[in-house]
1. Being charged (D, E, K, R) and in contact with a helix residue (DSSP H, G or I) (Cβ under 8 Å, 6 or more places away or on another chain) is the filter here; which residues of region 173-189 pass it?
2. For region 384-401, how many residues are assigned to a helix (DSSP H, G or I), surrounded by 13 or more Cβ atoms within 10 Å (Cβ to Cβ) and of a type outside the set (A, V, I, L, M)?
3. Out of region 221-243, which residues are closer than 17 Å to Leu202 by Cβ and of a type in the set (S, T, N, Q)?
4. Of the residues Ser163, Ser179, which single one is buried (at least 16 other Cβ atoms within 10 Å of the Cβ), among the hydroxyl-bearing types (Ser, Thr, Tyr) and closer than 27 Å to Val232 by Cβ?
5. Looking at this structure, is Lys190 more than 15 Å from the chain's Cα centre (by Cα), among the charged types (D, E, K, R) and not in a loop (DSSP other than H, G, I, E, B)?
6. Restricting attention to region 112-151, report how many residues are under 16 Å from Ile71 (Cβ atoms) and not in a helix (DSSP H, G or I).
7. Counting only residues that are in the same structural domain as Leu120 (by TED's automatic domain parsing) and within 19 Å of the chain's Cα centre (by Cα), give me the helices (runs of 4 or more DSSP H) lying completely in region 1-94 with at least 3 of them.
8. May I ask you to list the residues in region 356-400 that are hydrophobic (A, V, I, L, M, F, W, C) and either more than 26 Å from Phe337 (Cβ to Cβ) or touching a Gly at 6+ places or on another chain (Cβ under 8 Å) (or both)?
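The values are calculated or read from the model by the stated rules, or taken from the named source; none is laboratory data. Being a predicted model, the structure only gives us computed values, none of them experimental. Positions of Cβ are backbone-derived with ideal geometry, glycine not excepted, and every protein chain shown enters the neighbour counts.
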Amino acid sequence: MLFSFGFYSSLLLISFSQGIIYSVLLFIKGLQTDNKSNYWLSLFIFLCCLYIAPWMLGFAGWYDNQPYRDILFYTPFQHLFFIGPIIYFYTQSLLNPSFKFSKKDQLHLLPGLIYLCYILSIWIYDKFIVGDYYFYKDGTDKDFDFWYQKLGLISMIFYFILSIRYYNIYKKLMFQVVSYADSVLFKWIKTYLIAFLIMLLLPVLFDIVGYIIPELNSYQGSWWFFLFFSIVMYYIAVTGYSNPIHSKIPFKVSFFEKNPVLLLNEEASGETETIIDIEHKTFEENNAPEIEFWKIKIEALIQEEKLYKNPELTLLDLAKKLGTNTSIISKVINQGFQMNFNDFINNYRIEAVKTMFLNEEHKKSTLLGIAYDCGFNSKATFNRAFKKHTSCTPKEYLNTI
């Protein structure tokens, strides 16, 4: 097989081959862990490898020799309409254990499938009807057509926005339903979204710089874009492979409501779906007696059983013990106590920590040990919650007593 090794082709070959390796490793990891998100990331990395393949193979001499030239012409390597949906599905599979690729989701892939049919029809027309280059008489690969590149970029931006919105909804939900929200916000998700944003900004940046440095608009000048793109791809592959994500809260999202409705699966409590209010909507004013009733029951239960000491306490746990559903408890906490569930439970934990400080437990144990005893699951979460509730750090608070 033809491959002319040179400075331009060899550097892209390194990132291309490494990307293929990590794509395979992620697929294997998905089989071993049964974590569907690994499959989506594997496919994303594979598509990124295909994206840089024409430039790598072009510098390796494929555009100048047959039959390699026709392979590049009639094989769609840059699947721009697929990359956006794949990253969106990856985001959902990371955050939502109930996410399944449905028939409705298949519609997101329709533009990409239409483009594949478009390239297939060009191949059939040129090879079997005309018998010569008709669509390719200008000698330009259709993957690089202006309309396709720009529409592909718009598609990826659109799905990037959807991914950001999905993550924001997820964050709001976590603060409403678990007492350990900080630990499930997942730094990796923000990291790969930033990396994907850099991918999206690269063509815009190179277009701007191209007006200043016209040489970047040449074939060799464009190589630098694909080099930077491959570096970002490699970073996502390596860090994505080494960052396990285990989301435990299943939910559904409706993007067509003014305020998206999130539904929790509560089979254990006899309910399949429960509306969780993430926008702090409250009861009507005439429901004040009901709010007070549940406030008293919630406070009594938490104080008597010290539920806050459970580092994995959820809204569902509290609802089960009170014999009601999560929707009611969530609204009572939001309106009655003017805070979300995560802050509400952390408030009890902070008060427990302050009590231990007054009892001079800090002289017998470490601050982290006290935090763990009171229900916190990490030092960072403890410090953040303490500062939020007391406006000072634990050490600063100790100095005041």
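1. Asp182
2. Total satisfying the criteria: 7.
3. Answer for region 221-243, where residues must be closer than 17 Å to Leu202 by Cβ and of a type in the set (S, T, N, Q): Ser222, Ser230.
4. Only one candidate qualifies: Ser163.
5. No, not satisfied.
6. So the answer is 6.
7. The helices (runs of 4 or more DSSP H) meeting that bar are 7-33, 36-59.
8. Within region 356-400, Leu367, Leu368, Leu398 qualify.
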